[in-house]
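Engineer: Here's a structure for you.
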Amino acid sequence: MGELRLMKGNEVIAEAAIRYGCDGYFGYPITPQSEVMESLMAARPWETTGMVVLQAESEIASIHMVYGAAGCGKRVMTSSSSPGISLMAEGISYIAGSELPCVIVNVQRGGPGLGTIQPSQADYNQATKGGGHGDYSLLVLAPASVQEMNDFVGLGFDLAFKYRNPVMILADGVIGQMMEKVELMDQQPRWTEEQVKQITGSWATQGKTKDREKHVITSLEMDSHIMENNNLRLQAKYQQMKDEDVRYETIECEDADYILVAFGCAARICQKTVQMARAKGHKVGLLRPITLFPFPEKVIAEMASHVNGFLTVEFNAGQMVNDVRLAVNGKTRVEYFGRMGGILPSPDEVEKALYHKLIGD
Amino acid sequence: MAKVIGAVVVDSEVCKGCNLCVVSCPTQTLGLNRDVNSKGYHYSYMENPENCIGCSNCSSVCPDSCIAVYRVKVE
Amino acid sequence: MAEIAERLKNIIRPENLIYGKSPLLNEVTMHYCPGCSHGVVHKIIAEVIDDMGIQDSTIGVSPVGCAVFAYNYIDIDWSEAAHGRAPAVATGIKRISPEKTVFTYQGDGDLAAIGTAETMHAVNRGENIVMIFINNAIYGMTGGQMAPTTLLGQVTSTTPYGRNVDLNGYPLKITELIAQLPGAAYVTRQSVHTPAAVRKARKAIRKAFELSQKNIGTCFVEVVSTCNSGWKLTPVESNDWMVKHMFPLFPLGDLKDGGKDATEPFNIQG
């Protein structure tokens, strides 16, 4: 059993990064995730583990600092919230194109534009469909608890290095701000220079020695045929993610006639709705995608052949519902219910929507 | 009295005929060839090889690092 | 003729070679236009890294612009940055690998327009990196548009009637701004249009690389350069044009030397 603490989700991101042995964090303050860097600065990990923490002049700078540091083969990360992630879109595209591993945390707030500092899930499309230019995908993890904020930092780095691909932890203002009990991991050492060389020495910028060719971190290729092959290599990687790293949680789905699909904080609300609906005799289950990319499309397709319908519940105008529809492929009904502007629906509201849109009032 | 004499070797395939070496030569050794290389550039060459003192001015201003400079002292 | 051939045969021997291509320049022809200053500055950087024996501990950051392919030419590890972001990329590299020598290589559009924030803040933090700034008063790669350093009256493809203050504002003397920042250790402006200028520039770049290893702040070397294709002049005419028109606004010489500012006059903790 690791150390138990009562912590905010954002604070846990910082603590987990230090304990996991992260090499560097580069960030810029934005509500509702500023506690991540504040906690790191207060902890001064450069004096203990040697982790670098730097406040950049903008989200643009912080993501490109991540680009440079990740190119050295180190485990580095950043965090921000929705408008800041939009600014980072350029750098994220470069990181994906250059195939660099890193972890990016988005503690979502409402948009568009400056929007609101209240929680939201309106960056689902931005996170899962790229967000920047070009054909690329992030591996997207959606935590639904403070414990998962802790767990997904390490998991994120493991997956980032497995695929040499940026991993996004797509949280929201609720998960970032709320306090819960969390079991922390024990302190792990950072990779030694030898380990870094062993793991990333075939591609990272660590200084060209006589016994190897120079390493160049770049997404640029002027030869169209090579560039197409680079894209095909990326697509093969995304396919491998779909084959090997889909994660989801099912709650009372075995005998369910109706399935709620919700991620992050919305899934916690739906969990209560499932109990309420079941108390009234309706066989309702909950599917919680944990990886939003790769999306759990296979399990949804399987369920579609024997359930009477799906209801997605999202804090947005209906974004994930399109992925559910693609997976269901017309085999059964797929409806959406959600709130926007920072409003969280109550379990009652979701229950009413479930009856109104799917089961029948 | 010791005298310094020099010579240069221009990699004529790399040379783009920019002429910067020619104007930097203090002894009018270099010129642009009437012939062209495979890319169509009038490459630099020693028009007056007997003038060269191996000062390496030409090589230092050459953007394409295509001039090697040799120098010897003679009695 | 035979006499000259014999003379050359005696001179052109390996033991008499006094200056040739740096071993750190790769065996590829550079894509730059004939006479472009980039090639000279690349050569100087390769020579400095070779002379200092730091090939295995140097990481370059190339820009977006004509020099985007710098990584094809100098035989070291490189990170190719997004447009203007080289100082942020270099910051990430240097902070995570403080034992490395890290430099950026950027043009005027990259460093002084789209990347102004990254430039100013990297220097203001006193990042222990070298920044090489190629100022040729025009955008070369995209076909000769106005740069932040384009001179008043200078014709470019986006200032076809000459740069006009009311429409376009003033040429940006960013090196003067950089020199004001307490994080700057060494700020100098050089050129490479003559053998003497090349020698001075090599000295300055060598000094910048050496100082950057002492962790005393950012070392910034502007090289006033030509873009004969963009300027629509021959390489030789371009040098003359640069001396006549650019040097008065961008005078050569050191702007700051001696390390980042030692005192912290506004530290409220005393």
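The values are calculated or read from the model by the stated rules, or taken from the named source; none is laboratory data. On a predicted model such as this, the values are computed, not experimentally measured, just so you know. Please note: Cβ atoms are built from the backbone with ideal geometry, for glycine as well, and neighbour counts cover all protein chains shown. Each accessible area value is taken on the protein alone, full model and side chains, heavy atoms only, with ligands, DNA and RNA left out. Shrake-Rupley method; radii C 1.70, N 1.55, O 1.52, S 1.80 Å.
Engineer: Quick one: in region C:86-106, which of the residues that are closer than 15 Å to C:Met120 by Cα and small (Gly, Ala, Ser) is surrounded by the fewest Cβ atoms within 10 Å (Cβ to Cβ)?
Structural biologist: Restricting to residues being closer than 15 Å to C:Met120 by Cα and small (Gly, Ala, Ser), the top hit is C:Ala90.
Engineer: Run C:Phe266 past the list (1) surrounded by fewer than 17 Cβ atoms within 10 Å (Cβ to Cβ); (2) not in a loop (DSSP other than H, G, I, E, B) and report the number of the one that doesn't hold.
Structural biologist: Only one criterion in (1) surrounded by fewer than 17 Cβ atoms within 10 Å (Cβ to Cβ); (2) not in a loop (DSSP other than H, G, I, E, B) is unmet by C:Phe266, namely (2).
Engineer: With C:Thr149, C:Thr104 as the choices, which residue is hydroxyl-bearing (Ser, Thr, Tyr) and within 14 Å of chain A (Cβ to nearest Cβ)? Spell out the reasoning first.
Structural biologist: Numbers: C:Thr149 fails: within 14 Å of chain A (Cβ to nearest Cβ).
Only one candidate passes the filter, namely C:Thr104.
A quick yes/no check of all residues on (1) open to solvent by 20 Å² or more (accessible area, probe 1.4 Å); (2) within 25 Å of C:Thr58 (Cβ to Cβ):
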residue: C:Leu172; (1), (2): yes, no
residue: C:Leu177; (1), (2): yes, no
residue: C:Gln180; (1), (2): yes, no
residue: C:Val187; (1), (2): no, yes
residue: C:Val192; (1), (2): no, yes
residue: C:Pro195; (1), (2): no, no
residue: C:Lys200; (1), (2): yes, yes
residue: C:Ala204; (1), (2): no, yes
residue: C:Phe209; (1), (2): no, yes
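Engineer: Could I ask something else about it? Can you tell me which residue among C:Ser62, C:Ser97 is facing another protein chain (nearest Cβ under 9 Å) and touching a strand residue (DSSP E or B) at 6+ places or on another chain (Cβ under 7 Å)? Let's see the steps before the verdict.
Structural biologist: Working: C:Ser97 fails: touching a strand residue (DSSP E or B) at 6+ places or on another chain (Cβ under 7 Å).
Step by step, each of C:Ser62, C:Ser97 is checked, and only C:Ser62 is facing another protein chain (nearest Cβ under 9 Å) and touching a strand residue (DSSP E or B) at 6+ places or on another chain (Cβ under 7 Å).
Engineer: Could you tell me which of the residues C:Ala67, C:Ala90 is out of contact with any Lys or Arg (no Cβ under 6 Å at 6 or more places or on another chain), within 13 Å of chain B (Cβ to nearest Cβ) and closer than 30 Å to A:Ser58 by Cα? Steps first, please.
Structural biologist: Values: C:Ala90 fails: within 13 Å of chain B (Cβ to nearest Cβ).
Being out of contact with any Lys or Arg (no Cβ under 6 Å at 6 or more places or on another chain), within 13 Å of chain B (Cβ to nearest Cβ) and closer than 30 Å to A:Ser58 by Cα holds for just one of C:Ala67, C:Ala90, which is C:Ala67.
Engineer: Right, another one. How do the pairs read when you match residues in region A:232-258 that are more than 8 Å from A:Gly285 (Cα to Cα) with residues anywhere that are in a helix (DSSP H, G or I) and not charged (D, E, K, R), using Cβ under 6 Å and keeping only pairs 6 or more apart or on different chains?
Structural biologist: A:Lys237/A:Tyr163
Engineer: Let me ask something additional. Just name the residue that is most open to solvent (accessible area, probe 1.4 Å) out of those in region A:53-92 that are among the polar types (S, T, N, Q) and facing chain C (nearest Cβ under 8 Å). Can you show your working first?
Structural biologist: Taking region A:53-92 and keeping what is among the polar types (S, T, N, Q), we get A:55, A:58, A:62, A:78-82, A:86.
Those left that are additionally facing chain C (nearest Cβ under 8 Å): A:58, A:62.
Numbers: A:Ser58: 23, A:Ser62: 0 Å².
That would be A:Ser58.
Engineer: When residues of region C:18-40 are filtered for being more than 20 Å from the chain's Cα centre (by Cα) and open to solvent by less than 10 Å² (accessible area, probe 1.4 Å), how many remain?
Structural biologist: Of the residues in region C:18-40, 0 are more than 20 Å from the chain's Cα centre (by Cα) and open to solvent by less than 10 Å² (accessible area, probe 1.4 Å).
Results for (1) modelled with pLDDT of 95 or more; (2) in contact with a Cys (Cβ under 7 Å, 6 or more places away or on another chain); (3) open to solvent by less than 10 Å² (accessible area, probe 1.4 Å); (4) farther than 18 Å from A:Tyr124 by Cα, shown as yes or no for each residue.
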residue	(1), (2), (3), (4)
A:Tyr258	yes, no, no, yes
A:Arg268	yes, no, no, no
A:Gln275	yes, no, no, yes
A:His282	yes, no, no, yes
A:Leu287	yes, yes, yes, no
A:Asn308	yes, no, no, yes
A:Leu311	yes, no, yes, no
A:Glu314	yes, no, yes, no
A:Asn322	yes, no, no, no
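Engineer: Here is a further query. Among the residues of region A:35-47, is there at least one that is surrounded by 23 or more Cβ atoms within 10 Å (Cβ to Cβ), within 14 Å of chain C (Cβ to nearest Cβ) and assigned to a loop (DSSP other than H, G, I, E, B)?
Structural biologist: No, region A:35-47 contains no residue that is surrounded by 23 or more Cβ atoms within 10 Å (Cβ to Cβ), within 14 Å of chain C (Cβ to nearest Cβ) and assigned to a loop (DSSP other than H, G, I, E, B).
Engineer: Related question: Given the criterion over 28 Å from A:Leu138 (Cα atoms), acidic (Asp, Glu) and at pLDDT 95 or above, identify the matching residue among A:Glu244, A:Glu254. If you could, list the steps in order and put the result at the bottom.
Structural biologist: On the way: A:Glu244 fails: over 28 Å from A:Leu138 (Cα atoms).
Just a single option satisfies the conditions, and that option is A:Glu254.
Engineer: Let me spell it out: the conditions are (1) closer than 30 Å to A:Gln235 by Cβ; (2) in a loop (DSSP other than H, G, I, E, B); (3) out of contact with any strand residue (DSSP E or B) (no Cβ under 9 Å at 6 or more places or on another chain), and A:Phe295 meets all of them except one. Which number is the exception?
Structural biologist: (3)
Engineer: Hey, another quick one. Return yes or no: is A:Gly264 crowded, with 24+ Cβ neighbours inside 10 Å, farther than 16 Å from A:Ala353 by Cα and small (Gly, Ala, Ser)? Break it down stepwise before answering.
Structural biologist: Working: crowded, with 24+ Cβ neighbours inside 10 Å: yes; farther than 16 Å from A:Ala353 by Cα: yes; small (Gly, Ala, Ser): yes.
Considered against the rule, which asks whether it is crowded, with 24+ Cβ neighbours inside 10 Å, farther than 16 Å from A:Ala353 by Cα and small (Gly, Ala, Ser), A:Gly264 comes out as yes.
Engineer: Somewhere in region C:117-129, is a residue away from every other protein chain (no Cβ under 14 Å) and open to solvent by less than 10 Å² (accessible area, probe 1.4 Å)? Step through it out loud before you land on a result.
Structural biologist: Quick first cut of region C:117-129, residues away from every other protein chain (no Cβ under 14 Å) only: none.
Among the residues of region C:117-129, not one is away from every other protein chain (no Cβ under 14 Å) and open to solvent by less than 10 Å² (accessible area, probe 1.4 Å), which makes the answer no.
Engineer: Pairs only if they're at least six apart or on different chains, beta carbon under 6 angstrom, first in region C:227-249 and open to solvent by 30 Å² or more (accessible area, probe 1.4 Å), second not in a helix (DSSP H, G or I); list them, first residue then second.
Structural biologist: Cβ pairs passing all conditions: C:Ser229/C:Cys33; C:Val236/B:Asn19; C:Trp241/C:Leu233; C:His245/C:Leu151.
Engineer: Another question about this same structure. May I ask you to say which residue of B:Ser65, B:Ser12 is more than 7 Å from every other protein chain (Cβ to nearest Cβ), small (Gly, Ala, Ser) and in a loop (DSSP other than H, G, I, E, B)?
Structural biologist: On the way: B:Ser65 fails: more than 7 Å from every other protein chain (Cβ to nearest Cβ).
After applying the criteria, what remains is B:Ser12.
Engineer: So in region C:74-85, with the set limited to residues that are touching a residue at least 24 places away in the same chain (Cβ under 8 Å), open to solvent by less than 10 Å² (accessible area, probe 1.4 Å) and closer than 17 Å to A:His215 by Cβ, which one is nearest to the other protein chains (Cβ to nearest Cβ)? Step through it out loud before you land on a result.
Structural biologist: The initial filter retains those residues of region C:74-85 that are touching a residue at least 24 places away in the same chain (Cβ under 8 Å), namely C:74-76, C:83-85.
Those left that are additionally open to solvent by less than 10 Å² (accessible area, probe 1.4 Å): C:74, C:76, C:84.
The next check asks that each one be closer than 17 Å to A:His215 by Cβ; those that pass are C:74, C:76.
Values: C:Ile74: 8, C:Ile76: 5 Å.
Step by step, filter region C:74-85, then rank; the result is C:Ile76.
Engineer: Filter region A:176-199 for residues that are exposed (fewer than 12 other Cβ atoms within 10 Å of the Cβ) and within 17 Å of A:Glu148 (Cα to Cα) and give the result.
Structural biologist: Hits for region A:176-199 are A:Lys181, A:Asp186.
Engineer: Taking C:Asn215 and the conditions (1) polar (S, T, N, Q); (2) under 23 Å from C:Asp50 (Cα atoms); (3) buried (at least 20 other Cβ atoms within 10 Å of the Cβ), which numbered condition does it fall short on, given that it satisfies the others?
Structural biologist: If we test C:Asn215 against (1) polar (S, T, N, Q); (2) under 23 Å from C:Asp50 (Cα atoms); (3) buried (at least 20 other Cβ atoms within 10 Å of the Cβ), just (3) comes out false.
Engineer: Just one of (1) part of a loop (DSSP other than H, G, I, E, B); (2) facing chain C (nearest Cβ under 7 Å); (3) buried (at least 21 other Cβ atoms within 10 Å of the Cβ) trips up B:Gly6, so point out which.
Structural biologist: Condition (1) is where B:Gly6 drops out.
Engineer: For residues in region A:348-359 being crowded, with 18+ Cβ neighbours inside 10 Å and farther than 17 Å from A:Gly281 by Cβ, which is nearest to the chain's Cα centre (by Cα)?
Structural biologist: Of everything passing the filter in region A:348-359, A:Val350 is nearest to the chain's Cα centre (by Cα).
Engineer: Let me ask something additional. Which one of B:Ser44, B:Ser24 is at the interface with chain C (Cβ under 9 Å from one of its Cβ atoms) and among the polar types (S, T, N, Q)?
Structural biologist: Working: B:Ser44 fails: at the interface with chain C (Cβ under 9 Å from one of its Cβ atoms).
Exactly one of B:Ser44, B:Ser24 is at the interface with chain C (Cβ under 9 Å from one of its Cβ atoms) and among the polar types (S, T, N, Q), namely B:Ser24.
Engineer: Counting only residues that are among the small types (Gly, Ala, Ser) and more than 9 Å from the chain's Cα centre (by Cα), which one in region B:1-52 is farthest from C:Thr29 (Cα to Cα)? Give the steps one after another, and end with the answer.
Structural biologist: Looking only at region B:1-52, we keep the residues that are among the small types (Gly, Ala, Ser), and these are B:2, B:6-7, B:12, B:17, B:24, B:31, B:38, B:40, B:44.
Within this subset, residues satisfying the condition of being more than 9 Å from the chain's Cα centre (by Cα) are B:2, B:6, B:12, B:17, B:24, B:38, B:40.
Details: B:Ala2: 38, B:Gly6: 26, B:Ser12: 12, B:Gly17: 13, B:Ser24: 22, B:Ser38: 13, B:Gly40: 14 Å.
Per the stated criteria, the residue is B:Ala2.
Engineer: Turning to a different aspect of this structure: Filter region A:180-222 for residues that are free of Cβ contacts under 8 Å to residues at least 24 places away in the same chain, more than 9 Å from chain C (Cβ to nearest Cβ), in a loop (DSSP other than H, G, I, E, B) and of a type in the set (S, T, N, Q) and give the result.
Structural biologist: Of everything in region A:180-222, those that are free of Cβ contacts under 8 Å to residues at least 24 places away in the same chain, more than 9 Å from chain C (Cβ to nearest Cβ), in a loop (DSSP other than H, G, I, E, B) and of a type in the set (S, T, N, Q) turn out to be A:Thr192, A:Ser202.
Engineer: Check off (1) open to solvent by less than 10 Å² (accessible area, probe 1.4 Å); (2) assigned to a strand (DSSP E or B) for A:Ile300 and give me the number that stays unchecked.
Structural biologist: (2)
Engineer: So which residues in region C:19-50 are farther than 18 Å from C:Lys203 by Cβ, facing another protein chain (nearest Cβ under 9 Å) and hydrophobic (A, V, I, L, M, F, W, C), if there are any at all?
Structural biologist: C:Leu25, C:Met30, C:Cys33, C:Cys36
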